[in-house]
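Enquirer: This is the structure I have questions about; it appears just below.
Here, each number is a calculation from the coordinates, and none is a lab measurement. Treat the numbers as computed from the prediction; the structure is a model and nothing was measured. Every residue, glycine among them, receives a Cβ derived from its backbone with ideal geometry; neighbour counts consider all protein chains shown.
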Amino acid sequence: MIALENLSVAIRGTPILRNVDLTLAPGQITGLVGESGSGKSMTALAIMGLLPRGAVAGGAVRLDGQNLLTTPESALCRIRGNRIGMIFQEPMTALNPLMTIGDQVAEVLRIHHRMSREAARARARDRLDRVGLPGPRFPLTLYPHELSGGQRQRVAIALAIAEAPDLLIADEPTTALDVTTQAQILDLLRDLVREAGMSLLLITHDLAVVAGIADQVAVMREGELVENGETEALFRNQQHPYTRALFAASRHVPARVTAQADDTPILSVRDAVREYVLARRTTFGPHEVLRAVDGVSFDIQDGESVGLVGESGCGKSTLTRAILGLDPLQGGEIRLDGEAVGPGGAMPAALRAKVQVVFQDPFGSFDPRWRVDRLLAEPFHLTGRPRNWRERVAEALSEVGIDPSAARRHIHEFSGGQRQRLAIARALIIRPRLIVLDEAVSALDVQVRAQVLDLLADLRRSHGMAYLFISHDLGVVRGVTDRVLVMDRGGIVEQGPTERVMGQPAHATTRRLMAAMPEIPADWSVV
Amino acid sequence: MRWTLILGGILAGLAMLAAALSFLWTPHDVGQMAVASKLQPLSGTYWLGTDHFGRDILSMVMVGARTSIAVAVVAVGIGMGFGVPLGLLAAAGRGGWVDEVIMRGNDLIFAFPSLVIAILITAAFGPSAVNAIIAIGIFNIPVFARVTRGAAMPIWTLDYIRAAQVAGKGRLRISLEHILPNTLNLLIVQGTIQFSLGILAEAGLSYVGLGAQPPTPSWGRMLAEAQTFVTIAPHVAIIPGLCIFATVLGLNLLGDGLRDALDPRLKVMQA
């Protein structure tokens, strides 16, 4: 049993955690929720004894009475991996790409037990079977790149539970995964906890995930636990205003906006086919062809908000690139306001100016060396930079709720939510008719997400733009779109008004997505 | 500030300073021979002594720094001037035939041992500082082309590049506006390292008589001429040797220090 007693952490005098008291009982799942920067991950690092240099910890982290904060590093090394295991958010980077999955799991066992190679391999096999990677399909000799994101996360879990630890810490373990994979990983974690009687500390910003799996929930804000208790009771009572705010934000649905259809749809996709030529299997063998988008057709009317949902690898991103005129099609056509879209110079600037995009990652979306005004003005390349471009930049900044005086700052001075607003401002500045939002709110905290969704709804009302809203987060899609397209294996398997498709899903894929969507039970609310 | 950056800066700065100063002032006239006072030890008149012709070693070292630095600067300039655009072009057309042609051409140059080719060039066109510069410069081209391409490739996959494409910008413009500024850190570091290698290469060529010709003083040739007197007057060989050593070490430390100072990933680790 692990208990945090009055845990405080300060880095160079700045308090990061303040008086955190939390008990992690065996066989229990504790959800630790809060926004980015609230100290969730720092709590995990403090438990592991992996605080960054310059951090000073006070209070105690007790593992069966032993205070880990005062335990020497050599003893901590035996505890880490052995009695406390950890899983990280990014399954792509948590594994060593040059080692087979069998060797990676076996290595953990060999470090702690000086086991023979064969014995460690046998145990590794057992652990991989346990996390749902059975022998015949997933031999120990596989390398991480041969697995999907969800499968890699399973390997990471196998690594973490190899020693049957008392405590498993999972830091946003499903944030990088799509809904169906998320549901499978959460099920796996729950089963492991119940069977092995270990405790699980599940760190997440997603209240719906916590509602479905956790026994107790702790809400963290600015380094302090504001509320802490049994899951259902906490959700029903929501004693702290901050909990209420988080809860409201995660359920937030912006006000409806009506579409203004005219005779030509702003986007018309007809039988679009996009193929990739893969590497040859053998030296002289034929190139294999992967059909990532296979005969997709749909329209978006002016001012309409359309959702595009599907699991990762279903072809959403490929389709998006083709719509933006970045990649060529191998068949069919895409028309933007009646004119054909194509890559490179084939597409006139005036046509290109009708569509803009907002990406998922607020950190990769901007050149770190440019200042905000130059970044926001980049789309003017299509229309010619007007003389009053600085005023236009200031106007776009105030439209997204950022002080126009920020124009001369660099991008690293902004938070994730602010950057996403800047990305929207950049997309807006030339007044496109269609904005493609590629997972544009997935990386945001619930409160920021609610603000951004409101902003998008307001902008749609004032400027009459159409949105193509690509997301694996069905909850958000449900709230902000009029119509939804469900994509699977390169094709659209179901489409129609959002309420109907999500309310009575007809296709198996839609049903699977809906079933996997984590939801806070409807009756768990105070108001 | 890292100590490598400071020490490297001081050592490299001293060499630059000596070279710059030599244009205005040297303790003695470099060309002036005084056989009577040959192989003098370090003294008040001749701070670093004299060589076998009685020339002042300090003056020669100062003017020699000029030769070394000029050769290295121009050689790095040639390498960057051709290598960086080629690297950017290869990255912009990644996977296509332009990329293949450029990178295989690089491999071709890499496949030749650089000093042997330098000797070949000077043998064909006669030994001179200019030919040494060209030879060293050519071998800098593939280094910069590879570094630039390697740094540019991951940037091409980032969202802000896609945003620029959506804004209708072509590959050339994106290369200049987004890719080049973001690879500059790495290029500055590589430039410093190549600069030190250039100095070393010039000294090597001069040592075998294929670099700057007499009477232009050069560190490499001073070293070559002094080796016969090493037992009677060791300082005549040691001083130019130390100059090469200190300058090359200084530039390498500077390169290392700059990499630490400019790489944002390392900054995060310190924070």
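Enquirer: Sketch the reach of a paramagnetic label on A:W389 as a point 7 Å from Cα along Cα-to-Cβ, and name the residues of the stretch A:431-458 whose backbone nitrogen lies under 16 Å away.
Expert: So the set is A:431.
Enquirer: State, to one decimal in nm², a quarter of the convex hull surface area for the C-alpha atoms of the protein assembly as shown, i.e. the direction-averaged projected area.
Expert: On the way: hull surface 173.7 nm².
Here the figure is 43.4 nm², rounded to one decimal.
Enquirer: Once you place label points 7 Å from the Cα toward the Cβ at A:R369 and A:A233, how far apart are they in nm?
Expert: 5.8
Enquirer: While we're here: Measure nothing but the geometry: give the 0 to 90° angle between the long axis through the Cα atoms of A:241-250 and the longest principal axis through the Cα atoms of chain A, rounded to 10°.
Expert: 50
Enquirer: Let me ask another. Quick check on the exposure proxy: order A:M92, B:M103, B:M62 from fewest to most C-beta atoms within 10 angstrom.
Expert: A:M92, B:M103, B:M62
Enquirer: Once you place label points 7 Å from the Cα toward the Cβ at A:R53 and A:R190, how far apart are they in nm?
Expert: It is 4.4 nm.
Enquirer: Continuing with the same structure: Most fluctuating residue of B:S43, B:S206, B:S22 in a GNM of chain B with Cα springs under 10 Å: which is it?
Expert: Looking only at B:S43, B:S206, B:S22, the largest GNM fluctuation is found for B:S43.
Enquirer: What FRET efficiency do you get for A:E5 and A:C77 if R0 is 22 Å and r is their Cβ-Cβ distance, rounded to the nearest 0.05? Mind showing how you got there, number by number?
Expert: Values: r = 23 Å, r/R0 = 1.05.
The calculated FRET efficiency here is 0.45.
Enquirer: Another question about this same structure. Taking θ = phi - 60°, what integer Hz values does the Karplus form 6.51 cos²θ - 1.76 cosθ + 1.60 yield along the stretch B:231-239, in sequence order, with x for Gly and Pro?
Expert: Values per residue, Gly and Pro as x: 6, 7, 9, x, 4, 5, 8, 5, 5 Hz.
Enquirer: Summarise the partner chain shielding of A:352-361 as one whole number: the mean count of Cβ atoms from other chains within 10 Å of each residue's Cβ. Provide the component values of the computation, followed by the final result.
Expert: On the way: counts 4, 3, 0, 1, 3, 6, 2, 6, 1, 3.
Averaged over the peptide's residues, the number is 3.
Enquirer: Continuing with this model, one more query. Which FRET efficiency value, to the nearest 0.05, do you get for A:T93 and B:I10 by plugging their Cβ-Cβ distance into 1/(1 + (r/R0)^6) with R0 = 51 Å? Kindly include the intermediate steps, with their values, before the conclusion.
Expert: Values: r = 39 Å, r/R0 = 0.77.
The pair A:T93/B:I10 has a calculated efficiency of 0.85.
Enquirer: Can you give the FRET efficiency to the nearest 0.05 for A:D458 and B:W156, using r as the Cβ-Cβ distance and R₀ = 41 Å?
Expert: On the way: r = 35 Å, r/R0 = 0.85.
Plugging the Cβ-Cβ distance into 1/(1 + (r/R0)^6) gives 0.75.
Enquirer: Could I ask something else about it? Please list 3J(HN,Hα) in residue order for the stretch A:177-184, calculated via the Karplus relation 6.51 cos²θ - 1.76 cosθ + 1.60 where θ = phi - 60°; whole Hz, with x for glycine and proline.
Expert: My calculation for the stretch A:177-184 gives 10, 7, 4, 5, 5, 4, 4, 5 Hz in order.
Enquirer: From zero up to wherever the largest Cα-Cα distance of chain B sits, split into 10 Å bins and tell me the percent of pairs in each.
Expert: Bins of 10 Å from zero give 7, 25, 28, 21, 12, 6, 2, 0 percent of pairs.
Enquirer: Output the 0 to 90 degree angle, nearest 10, between the alpha-carbon long axis of helix A:446-463 and the longest principal axis computed from the alpha carbons of chain A.
Expert: Its long axis makes an angle of about 0 degrees.
Enquirer: Testing the spin-label approximation: label points 7 Å from Cα along Cα→Cβ at A:H252 and B:T228. State their distance in nm.
Expert: Roughly 8.7 nm, to one decimal.
Enquirer: Average projected area of the Cα convex hull of the stretch A:94-162, in nm²? Don't skip to the end; give the middle numbers.
Expert: Numbers: hull surface 16.2 nm².
Dividing the Cα hull surface by four gives the mean projection, 4.0 nm².
Enquirer: So for each of A:142-151, A:350-359 I average, over its residues, the number of other beta carbons within 10 Å; can you give me the resulting order with the highest mean first?
Expert: Values: A:142-151: 16.3, A:350-359: 22.5.
Ranked by mean Cβ neighbours within 10 Å, highest first: A:350-359, A:142-151.
Enquirer: Now a separate question. Mind listing the phi-derived Karplus ³J(HN,Hα) values for the stretch A:427-436, rounded to whole Hz, using 6.51, -1.76 and 1.60 with θ = phi - 60°, and x for any glycine or proline?
Expert: Listing the rounded values in order: 5, 7, 4, 9, 6, x, 8, 9, 10, 8 Hz.
Enquirer: Within the stretch B:95-139, what residues put their amide N at less than 16 Å from the label point 7 Å along the Cα-to-Cβ vector of A:A279?
Expert: B:95-96
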